[in-house]
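Please read the structure below before turning to the comments.
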Amino acid sequence: MAEAAAIILAAGQGTRMNSDLAKVLHRLAGLEMVNHAVRNVRLAQFEQIIVVVGYQGEQVKAALEEGVLVVEQKEQLGTGHAVDQCRDVLRGFQGPVLVTYGDTPLFRSETFQELLAYHVEQGAAATIVTAHFDDPTGYGRILRGDRGEVLGVVEHKDATPEQRRIQEINTGTYIFQGELLFHYLAQITPDNAQAEYYLPDVLPRLLRDGHRVAGFVLDDPGESLGINDRIQLAEAEAILRERICRFWQKRGVTIIDPKSTWIEWGCQIGRDTVIYPGCLIQGGTRIGENCRIGPYCRLSGAEVESGTVLEYAVVVDRTVGKTDRILPFSYITK
């Protein structure tokens, strides 16, 4: 597989969150939204990861996991302008470049791996990540030829009635060949109502010059969900909760009621442990084997030794063992 880089766009404010905090710093499953994107890209084996920051850039930079290169977009002049801030960093880079967003935390690393493999196999100059929506209103539609080749993208407002019946949409995540990406970024103009440089404007220029643009269809359209407000934040949290519970169930943990059980990133749970309803298991918690947790426990940074039973208890930054007598409704901390 070719050496690949990834650009994560995380410069926006996110005004619809109605928050003093930059949108990408809001947490899901105990992890900042932008760090979900970073981890998913890293697990997909993209060697170089660049995060473009803008609003509250210093705070975003401070929150980012190690091994990430940060580039600043001083003025928010559109997605094309944001990607172009990486020009010097990727000068001469000829491999695939993934462009995704810090507010799309639900992409699986396996999906990014499959996307990269598909892009290379197709020999494409660019690959659009697409999805089929029952209601595609508001999204750009993918135009394909008789052989399934991508002919372009038409925005909803510009689409004909026939084109609006197309249910395959552009998710806004792409892979480009590095040198071609920056060659054509230099050609786009801000000829639109917002006077911004739009990344999708690269696509018609690639097609005009005879380059191949491929379309990679998501098996699960929900992976492309972008977070714009608190409602979508809660929807994404529920999806991650289900994924994390399934992860531990497949590794030998019994979860009586996954819908009422919240497990964050960065936890460890041993086999044959049973998690009863109403539990919140937060980052840094390590639970041994054959434990009984709950109902209604909160564990944060806790070390729970094998064989321990906890009911209606809160344990924060403390080790508890099976010989400890923890009474229900106890609050245990260091």
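Filter region 12-36 down to the residues that are under 20 Å from T261 (Cα atoms) and either among the hydroxyl-bearing types (S, T, Y) or in a loop (DSSP other than H, G, I, E, B) (or both), then identify the one that is least open to solvent (accessible area, probe 1.4 Å). Among them, the one singled out is A29.
Residue-level analysis places E121 among those that are more than 24 Å from A82 (Cβ to Cβ), open to solvent by 40 Å² or more (accessible area, probe 1.4 Å), at pLDDT 95 or above and of a type in the set (D, E, K, R).
Return a yes/no flag: does region 106-116 have any residue that is among the hydroxyl-bearing types (S, T, Y) and part of a helix (DSSP H, G or I).
yes
Among what's in region 243-292 and is closer than 19 Å to H26 by Cβ and open to solvent by 60 Å² or more (accessible area, probe 1.4 Å), pick the residue that is modelled with the highest pLDDT.
By that ranking, first place goes to W262.
Among all residues of region 72-80, there is at least one that is out of contact with any Lys or Arg (no Cβ under 6 Å at 6 or more places or on another chain) and farther than 11 Å from A11 by Cα.
Give me a count of the residues in region 166-185 that are at pLDDT 95 or above and open to solvent by 40 Å² or more (accessible area, probe 1.4 Å). Here the count works out to 5. The listed residues are E3, E65, E75, and the only one of them that is over 16 Å from the mean Cα position of the chain (by Cα), in a loop (DSSP other than H, G, I, E, B) and touching a residue at least 24 places away in the same chain (Cβ under 8 Å) turns out to be E3. Across region 145-199, the number of residues qualifying as in a helix (DSSP H, G or I), touching a strand residue (DSSP E or B) at 6+ places or on another chain (Cβ under 8 Å) and aliphatic (A, V, I, L, M) comes to 3. Which ones in region 293-320 are more than 33 Å from the chain's Cα centre (by Cα), surrounded by fewer than 18 Cβ atoms within 10 Å (Cβ to Cβ) and either closer than 19 Å to W262 by Cβ or at pLDDT below 95 (or both)? Correct list: E311, Y312. Of G226, G215, G222, G266, all but one fail to be part of a loop (DSSP other than H, G, I, E, B), closer than 30 Å to G148 by Cβ and touching a residue at least 60 places away in the same chain (Cβ under 8 Å); the exception is G226.
The values are calculated or read from the model by the stated rules, or taken from the named source; none is laboratory data. Bear in mind that the values here come from a model prediction, so they are computed numbers and not experimental data. Quick reminder, even Gly has a Cβ in these numbers, built from the backbone with ideal geometry, and neighbours come from all protein chains shown. All accessible areas refer to the heavy atoms of the entire protein, side chains included, with ligands and DNA or RNA removed. Shrake-Rupley method; radii C 1.70, N 1.55, O 1.52, S 1.80 Å.
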